[in-house]
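All remarks here apply to the structure that follows.
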Amino acid sequence: MAHATKRIGILTSGGDCPGLNAVIRGAVKTAERHGYDVVGFIKGYEGLVDPVTYIPLNGKNTAGILTQGGTILGSTNKGRFAATVGVQHRLELDPVLMAGVQATYEQLGLNGLICVGGDGSLAVAQQFHEYGLPVVGVPKTIDNDLSATAFTFGFDSAVACATDALDRLHTTAASHERVLVLEVMGRHAGWIGLYSGIAGGGDVILIPEIPWTFENVCSKILERDQQGKKFTLVVVAEGAELPDGELVTAERRQDNRQTRLGGIGNVVAYEIEKRIGRETRVCVLGHLQRGGGPTTFDRVLATQFGSHAVRLVIEGKFGEMVCYQPPSIMSVPILAAVNKLSRVDANSSAVQAARALGISFGDTADLAGPFGINKPAVAEVEEAVIETLASLGTDVPLAAVEPMPVEWEAAAAYADAAMW
Ligand code: F6P
């Protein structure tokens, strides 16, 4: 059936994040000005079929949503449209569902569908594209782990939340001379941990990309003790593997869906107390990071994403995902974006700067000083570790007790002179 009206559909899928409403508003405003109607499907892809559930969207009913968290359309994380379990494990969508989606496109006369989602949701969009349905993608996730875009909206808001938490933990940690462990989100990538750790003055940052040990974490705490800093802030991403390679999960592993992560903060705190007897507390930030309104950065990014997605539909650039490659908003094939995760580069300037400040990533590179200058203050720390462990009757960790290499002597003098 031919439709006189030009119409765009939009849906928000997967875990929510701040900025989804800003995308919707940006898309609706742009579409209206270019002569398109917009319909918003309810609860993500679920609203597309059996039963088809949508609402007309316009300037009026999207007014004022720019600053609101969540999504006025609702979202579904684990529904009938699951096209991914884990990073590389793709599932084919049910052909009956696909036929139903096609019928909805035809009945509503959709010229294009904007799918706002993370890796899993965009993998569904890619299958729509391969099926011949006009679709464009908008990348969303607080984890910032989608490649092809420098930032996903929602990330900055999550970092602001985690940073605020660290600011608060800082004062209570200092008052009680405690170790405070903050567990943040970040399933495959440690962006939230890294950025909030830097912004919030964290002392130890544990992320999935950098293997770490409890010995090195404890060394850092004792090093700070030696310096008269009797408290330590540890930031740990939920997806940081334990030294034995295990992930800490909040539920039993299940087939055909991603297991919920959570609990690593408690493990880290327990080990610190056990190994060096320091009073330690844990704060699991959880979904606070996904709630609330978007930061100014996320409002701007999300608005541009929504607007650019409409532009892609108007220009017939289907199968593309909008992205931010500073300073421009542009697009790349969805396939390119979902096939590769964006993870923290252990040699990136952010990690280097953090190390230069003395932030520990719980690895042996921390035993080296800033900018590759081997800083030997660890020798004293190692002694302290040994003493503490001995007093606790705990085995001395081998990695921490190797003697200081001779070549460090000169570097030590240099580092001291340079006030590091
Ligand atoms: O992908 C974003 C994310 O926040 C992950 O960091 C976290 O593991 C997951 O969502 C939590 O999802 P759910 O809300 O389904 O528990």
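List of remarks:
- With an a/c value of 1.5 or above and a/b not larger than b/c for the gyration tensor axes a ≥ b ≥ c computed over the alpha-carbon atoms, the range 1-45 is described as oblate.
- Sparse-neighbour loop sites [GluC sites (Glu not before Pro); the range 1-103; at most 14 other C-beta within 10 Å; DSSP]: GLU92
- Solvent-free Debye calculation, one equal scatterer per alpha-carbon of the range 155-289: log10 I(q)/I(0) at 0.11, 0.13 Å⁻¹ equals -0.35, -0.49.
- 28 Å Cα-Cα reach of LYS43 towards lysines, excluding residues that sit fewer than 8 places from it in its own chain: LYS6, LYS29, LYS60, LYS78, LYS140, LYS317, LYS340
- Part-to-part distance (alpha-carbon centres) for the range 159-205 and the range 309-325, which is given in Å: 36
- Cross-link reach list, lysines versus LYS230, counting only Cα pairs under 26 Å and skipping chain neighbours closer than eight places: LYS220, LYS274, LYS375
- Efficiency of FRET from Cβ geometry, GLN107 and ALA199, R₀ 30 Å, rounded to 0.05: 0.05
- Computed from point charges on the beta carbon alone (+1 for Lys and Arg, -1 for Asp and Glu), the dipole magnitude for the range 12-136 about its Cα centre is near 400 Debye.
Here, each number is a calculation from the coordinates, and none is a lab measurement. All figures in this text were calculated on a predicted structure; none of them were measured in a lab. As a convention, Cβ positions derive from the backbone with ideal geometry for all residues, glycine included, and neighbour counts pool all protein chains shown.
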